[in-house]
Amino acid sequence: MADWKFYGRREQLEALENMLGRKRWFFAKVTGRRRIGKTTLVKQAMDEIGSRQPVFYVQIPDSEQGGVLSAVNDALEIFQVPSDRYPRPNDLLHLAKLLEAMAEGGYVLILDEFQYFNRKGYEPFCSYLQASVDRLAAKSDQVPGGLIVLGSIHTEMMALLDDRTAPLFNRVTDTINLTHLDIDSIVSILHDHAEPTPERMLFLWNLFEGVPKFYRDCFEQGVLGSDRKTLLRRIFFESSSPLRSEAENWFLRELRGRYDVVLKFVARNPGRKHKELVHAIRENSGSPDTQVGGYLKILIERFEMIERKLPVFAKPDAKRGRYYVTDNFLRSWLAALANPVAAIAFRPLDELIEEADRRLADVEGYSLEKLAGQLYEERSRRGIGDFPITHRVQGYWDKAGIEIDLVAFNETTKSIRFGSCKRSPAKLTADVNNFRQHVERFLEAMPQYQGWTKQFVGIAPELNAEQRAILARHDVIPQDLNDLTLLET
């Protein structure tokens, strides 16, 4: 079996390596959802440049000042920071001065979950840190160390570092926003460690999207190449399963029990409109007064757990938005895994895994649409796709009942491509006439595109020769994940 290696992130690695190679003061911000690989990225950058600088890493707890100071002091012991040179802090002022002294001493300081300093009561620390950062910046050429702050709640990191009224505003020298691994990196993982089939690609991407740690968890448990139920059992349903409590510990704990009804309903009913959400959630909760609009706003703007999508060509203030859970793992957990995992003590394990697998198959339908859109964008960006796009790929829907899964267009060549995405190839071929009728109604509603070159594509995880022939007879280009990801090479 091949060893696990570092996948993707070359642009971000280069940026960090350049920063570390400057050998002068830096204050870097690295943001991204939990488990996305922020700490691993920093370590990889230091390894690749062969840095011999001392490192200090601490994960800031979501607690009061005493808890933060205790975590810092424990980390100082773990990293063997000499106490005679760097006295242990007993308040927030001394903590800021300690970080300043360590940066002057050449340390690369890494503060994880930095967003917790945006909590009430930490305002003095941010001011103390501002003073330290300003002193270090004033003599940056003489300061060999630097500070890297990592954060997983984007809006709170912005409040700390980008808000004009914040003490640390305009102090950051380098910024990296870490998103999911691209599809090409996921394909590389599959080629290295599993049989890269379309079914496995969709199954794993629906669960883990582009979070490298989750794929590595499967690799370390020896199930990255296993069948679906074996992987689910080992990763989620056994007492030592690495992801059995992942969502509760790392995602949902921020909510502290709030917004649960809204979040779960959106996860289990992707693509609902606002009125549908309000009605269904209030009916489901048994209360006509259940908060929906305010909770949606917080889940979208603060936690970025839900997104409101508009149909392609729609104006930003359009009323036809639909709501989706942004993160594949969180959506799969809430829609398919949470209830079966919670029932482990009361029902036969095989039945629960079967139920979870069945629910996941339902979730994969929407994931295929999302995956196809992302593949079109990535392939166009890399210049390898069969349809260069000039506008973000998105679906289309309207009040008249027109539903098209994928619309991509190229303004340069006046070409537009319509796509139908189905997890079941049989449903894709059976629905081909209906798909084309939806496109015809779209063109009637959007006459400005009637003169464009029109293309039709049918997308499923895998298509055999007969299914491809059926689509081709209807002038629909057949595409599956083999075609779009080159899994078979």
Geometric extent, Cα atoms of segment 120-167 - Rg, Dmax (angstrom): 12.2, 35
Pulled fully out, how much extra length does the chain show between S240 and E48, if you take 0.36 nm times their separation in residues and subtract their Cα-Cα distance? 65.8 nm
Given the pairs K399/K454; K38/K309; K264/K370; K319/K399, which are separated by over 21 angstrom at their Cα positions? K399/K454; K38/K309
Loop only per DSSP, at most 15 neighbouring Cβ atoms within 10 Å: give me the chymotrypsin sites (Phe, Trp or Tyr not before Pro) in segment 107-195, ordered by residue number. F169
Determine, from the Cβ-Cβ distance of E444 and A318 and an R0 of 22 Å, the FRET efficiency 1/(1 + (r/R0)^6), rounded to the nearest 0.05. 0.70
Taking every pair of alpha-carbon atoms in segment 37-120, what share in percent sits in each 10 Å bin, from 0 to the bin with the longest distance? 16, 50, 29, 5
Taking only protein heavy atoms and a 1.4 Å probe, what accessible area per residue, in Å², does segment 65-183 have with all protein chains in place? 44
Rounded to the nearest 0.05, what FRET efficiency do N339 and E64 give with R0 = 45 Å and r taken as the Cβ-Cβ distance? Could you check? 0.85
Once you keep just the Cα pairs under 8 angstrom separated by 6 or more residues, what percentage relative contact order results for segment 346-412? 22
Which angle between 0 and 90 degrees, to the nearest 10, do you get for helix 198-208 versus the longest principal axis of the chain when only C-alpha atoms count? 40
Residue span A361 to K427: 0.36 nm per residue of separation minus Cα-Cα distance leaves a gain in nm of 22.3 nm
Rg and Dmax of segment 298-350, Cα atoms only, in Å: 16.3, 50
Take the eigenvalues of the Cα gyration tensor for segment 362-413, scale each by 5, and report the square roots as semi-axes in whole Å, largest first. 22, 16, 6
With all protein chains present, the chain has a carbon and sulfur share of its accessible area (1.4 Å probe) in percent of 47
Listed residues G145, S367, L20: farthest to the positive end of the dipole of the chain (Cβ charges): S367
With Rh as the Kirkwood radius over Cα pairs, segment 376-484 has Rg/Rh of 0.95
Under the helix-only model (-39500 (n - 2.57) for each DSSP H run of 4 or more, divided by the residues of the chain), the mean residue ellipticity at 222 nm, to 500 deg cm²/dmol, is -13500 deg cm²/dmol
Isotropic mean projected area of the C-alpha convex hull, the chain (nm²): 26.6
Inter-label distance, nm, simple model (7 Å from Cα along the C-beta direction), S188/E304: 2.3
Output for segment 15-173 (equivalent-ellipsoid semi-axes, sqrt of 5λ from the C-alpha gyration tensor, Å, descending) is 21, 19, 17
Kindly provide the trypsin sites (Lys or Arg not before Pro) of segment 151-249 that DSSP labels as loop, not H, G, I, E or B, and whose Cβ sees at most 12 other Cβ atoms within 10 Å. R164
So, for segment 197-312, what is the accessible surface per residue at a probe of 1.4 Å, expressed in square angstrom? 44
Tilt, helix 349-382 to longest principal axis of the chain (alpha-carbon atoms), in degrees rounded to tens, equals 90
Full-extension gain in nm, E195 to N464, via 0.36 nm per residue minus C-alpha separation: 95.0 nm
Pick out, in residue order, every one of the chymotrypsin sites (Phe, Trp or Tyr not before Pro) in segment 274-364 that is DSSP loop and has at most 10 other C-beta atoms within 10 Å; say none if there are none. F346
Between A280 and K399, with labels modelled 7 Å along Cα→Cβ, what's the label distance in nm to one decimal, could you check? 2.1
Using only Cα atoms, find the angle between the long axis of helix 92-104 and the longest principal axis of the chain, and express it within 0 to 90 degrees, rounded to the nearest 10. 90
Once R0 is set to 41 Å, what does the formula 1/(1 + (r/R0)^6) return for the Cβ-Cβ distance between T175 and D386, expressed as a FRET efficiency to the nearest 0.05? 0.75
Beta bridge orientation in the chain: antiparallel %, DSSP, nearest 5: 30
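The values are calculated or read from the model by the stated rules, or taken from the named source; none is laboratory data. Worth saying up front: this structure is predicted, and the values here are computed from it rather than measured. All Cβ positions, even for glycine, are placed from backbone atoms using ideal geometry, and neighbour counts span all protein chains on display. Please note that ligands, DNA and RNA were not included when accessible areas were found on the heavy atoms of the full protein model with its side chains. Shrake-Rupley method; radii C 1.70, N 1.55, O 1.52, S 1.80 Å.
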